[in-house]
Each structure stands twice: as structure tokens, then as C-alpha cells.
Amino acid sequence: MACPFENDRVEEGAALLRGELHLRPERVIRPRIDVLAFPEHFLFERYRFTSQSIIYIHNLIRPYISNITNRSHPLTSQQILCVALRFFANGSFLYNVGDAEHLSKATVCRAVRKVCLALKRLLPIFIVFPGHKPVRAIKEEFHRIAGFPSVIGCIDGTHIPITAPSHNEADYVNRKSIHSINVQIICDAAHIISNVEAKWPGSVHDARIYRESNLSNRLQRGEFDGLLLGDRGYPCQPRLLTPYPDPEPGPQQNFNRAHCRTRARVEMTIHC
């Protein structure tokens with residue numbers, strides 16, 4: 001006798017249900033934020049740039065960050081830039097920026113990397129020592145601060161915290177026992193950076209970074225008509241002046257006072 005359950009409708013329904021359970025869920029794309037639609041104060045607080053500045057930077061790096069195709073609903077070049085600027089502005093974690101911008105952590109990471117590489121291409125164009133202004137104008141701007149003559153730049157180092165690397169980990173531990181990269185910065189009186197050295201581990205002293213930099217050799221050869229001002233972490237040289245360690249009343253104290261007020265521009269540049 002034939003089996004009465006051969007064409008059972010319950011089994012057919014179960015098979016259909018199992019097939020339905022294996023279907024891929026419908027993809028949901030969250031709405032993207034139009035950054036430039038926000039007020040200027042909102043942009044500056046969160047991105048550290050005005051809308052005009054964001055548009056200017058976008059026009060510069062758009063060829064290097066645009067996606068080749070429109071597959072998978074990619075970010076526009078302007079959105080990629082704004083995601084990276086928000087990460088640079090607040091120094092937060094990738095997932096925090098992703099939550100604020102309605103993006104995944106991986107998407108934020110790719111955007112930051114794209115913008116960093118694009119900006120690196122433009123580094124030799126914008127960061128030029130002693131600057132894009134005439135040397136005479138640079139000296140006059142410094143002289144107006146505290147009367148210190150012939151200054152074309154102020155130099156200092158700053159430590160950028162990093163995650164402990166897997167290789168040569170101890171080299172990156174600075175004097176505060178934090179893993180970092182020691183970055184040397186030179187700026188003019190208008191807080192515009194004119195030289196950067198960003199390749200040294202945190203354990204390396206400021207004096208060594210300057211001594212082994214290409215700029216130090218160029219200054220010693222007399223390629224530039226002017227002086228640098230640095231703190232006591234640097235050696236006092238004909239082209240690099242540092243303050244008196246124990247100034248006597250009179251000219252030496254006046255020198256240190258003018259030196260300190262003028263050199264403060266690089267500290268303000270680093271911390272602004």
C-alpha cells in the first residue's frame with residue numbers, strides 16, 4: 001500500500017519555510033549626513049574648519065580620494081573628507097566618529113587613510129621653509145612680537161601618542177612612559193607650519209632630531225639668512241638660539257624675555 005504521507009502538505013510548507021530562512025536580509029542604507037548644510041559654528045566645533053575651508057580642501061584632494069565606481073553606494077569625496085576631518089579634530093576612536101557620521105568603523109578607517117595619503121601628496125607644496133612669504137616679511141612679523149631680530153622660524157617638538165608597535169616597541173616609549181612619535185615642527189609668526197619631521201620614535205631627543213634633519217645642514221651651510229629660536233632642549237648654535245640657562249640681570253634677562261615671547265608662537269601652533 002502506498003504511504004499516505006507521501007505528499008504531506010506539512011512537509012512542503014516546512015521546506016518552503018526553510019528556504020525562506022536562508023534568504024539574505026534586505027540591505028538597509030542609512031541616510032548620509034550633508035555636512036555643509038550645518039551652521040558655521042557647528043562645523044568649526046566638530047571639524048575645525050568653516051564650510052569655505054572644507055570646500056577648498058575638497059577641491060585640492062578630490063582627484064585622490066574619489067571612488068572609481070558607484071558600486072555598493074560609496075561615500076562621495078566630500079563625505080570622505082569630512083569623516084577624516086572629524087577624526088582629526090577630536091582625536092577620538094574610529095567607532096566614535098562612525099557612530100556620529102552613521103558609518104561603520106571600517107569605512108571611517110578607509111576614509112582617514114585616503115585623506116592622509118592625499119594630504120601627503122600636497123606636503124611639499126604647502127610646507128616650505130622658511131615660508132611662502134618673502135624672508136624680510138617673515139622677519140618683520142617676528143620682530144613685531146618682542147623686538148627679536150632676524151628670526152625666520154621657531155622650533156619645538158611634540159609627542160603624538162600611538163598604539164604600542166609590535167617591532168622595536170621600547171624605542172617608542174618617551175620620558176612619560178607613553179608610546180609616541182616625536183614630531184619636530186617649525187612655524188612662522190602667523191602660526192603657519194614651515195617644516196615638519198615626523199619619522200622619529202618617542203625616545204629620541206629633540207636635539208638629535210634637529211641635528212640629523214636636512215634643514216639643520218642647510219642652515220649650517222648658510223642657505224637661509226635668518227635664525228631659529230628653540231628651547232633649552234636644543235644646542236645653542238650660530239643659526240639656532242636658545243635662552244640663557246641662568247640669565248644675569250640686564251641684557252641677558254631682556255634676551256630671555258624677548259626669546260620666550262617670540263618662541264611661544266610654536267607652542268601656540270602645536271596646541272591650537
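The values are calculated or read from the model by the stated rules, or taken from the named source; none is laboratory data. Computed from a prediction, not measured in an experiment: that's the story for all the values here. All Cβ positions, glycine included, derive from the backbone under ideal geometry; neighbour counts span all protein chains shown. Quick note on the areas: whole protein, heavy atoms, side chains included, nothing else; ligands and nucleic acids left out. Shrake-Rupley method; radii C 1.70, N 1.55, O 1.52, S 1.80 Å.
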Inset, instruction - Please work out which residue is most open to solvent (accessible area, probe 1.4 Å), limiting yourself to the stretch 163-174 and to residues that are of a type outside the set (A, V, I, L, M), farther than 22 Å from Y210 by Cβ and within 21 Å of the chain's Cα centre (by Cα). - result: T163
Legend entry - Residue among S203, S194 that alone is small (G, A, S) and within 23 Å of E141 (Cα to Cα): S194
Inset, instruction - Report the residue count in the stretch 86-95 for those that are assigned to a helix (DSSP H, G or I), open to solvent by 60 Å² or more (accessible area, probe 1.4 Å) and under 22 Å from H271 (Cβ atoms). - result: 2
Legend entry - Check on I160, surrounded by 14 or more Cβ atoms within 10 Å (Cβ to Cβ), among the β-branched types (V, I, T) and not in a loop (DSSP other than H, G, I, E, B): no
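Go through the stretch 127-150 and give me each residue that's in a helix (DSSP H, G or I) and either open to solvent by less than 50 Å² (accessible area, probe 1.4 Å) or touching a Pro at 6+ places or on another chain (Cβ under 9 Å) (or both).
Initially, the stretch 127-150 is screened for residues in a helix (DSSP H, G or I), giving 135-146.
Matches in the stretch 127-150: A137, I138, K139, E141, F142, H143, I145, A146.
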Inset, instruction - Among the candidates S177, S203, single out the residue that is part of a loop (DSSP other than H, G, I, E, B), open to solvent by 60 Å² or more (accessible area, probe 1.4 Å), of a type outside the set (V, I, T) and in contact with a strand residue (DSSP E or B) (Cβ under 9 Å, 6 or more places away or on another chain). - result: S203
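Just wondering, is there one or more residues in the stretch 247-259 that are within 24 Å of the chain's Cα centre (by Cα), surrounded by fewer than 19 Cβ atoms within 10 Å (Cβ to Cβ) and modelled with pLDDT of 95 or more?
First pass over the stretch 247-259, keeping only residues within 24 Å of the chain's Cα centre (by Cα): none.
No, because not a single residue in the stretch 247-259 is within 24 Å of the chain's Cα centre (by Cα), surrounded by fewer than 19 Cβ atoms within 10 Å (Cβ to Cβ) and modelled with pLDDT of 95 or more.
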Legend entry - Selection within the stretch 182-200 - touching a strand residue (DSSP E or B) at 6+ places or on another chain (Cβ under 7 Å) and of a type in the set (G, A, S): S194, A198
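Can you name every residue in the stretch 214-258 that is in a helix (DSSP H, G or I) and either out of contact with any helix residue (DSSP H, G or I) (no Cβ under 8 Å at 6 or more places or on another chain) or acidic (D, E) (or both)? Show your work before the answer.
Taking the stretch 214-258 as the starting set, the residues that turn out to be in a helix (DSSP H, G or I) are 214-220, 251-258.
Of everything in the stretch 214-258, those that are in a helix (DSSP H, G or I) and either out of contact with any helix residue (DSSP H, G or I) (no Cβ under 8 Å at 6 or more places or on another chain) or acidic (D, E) (or both) turn out to be N214, L215, N217, R218, L219, Q220, P251, Q252, Q253, N254, F255, N256.
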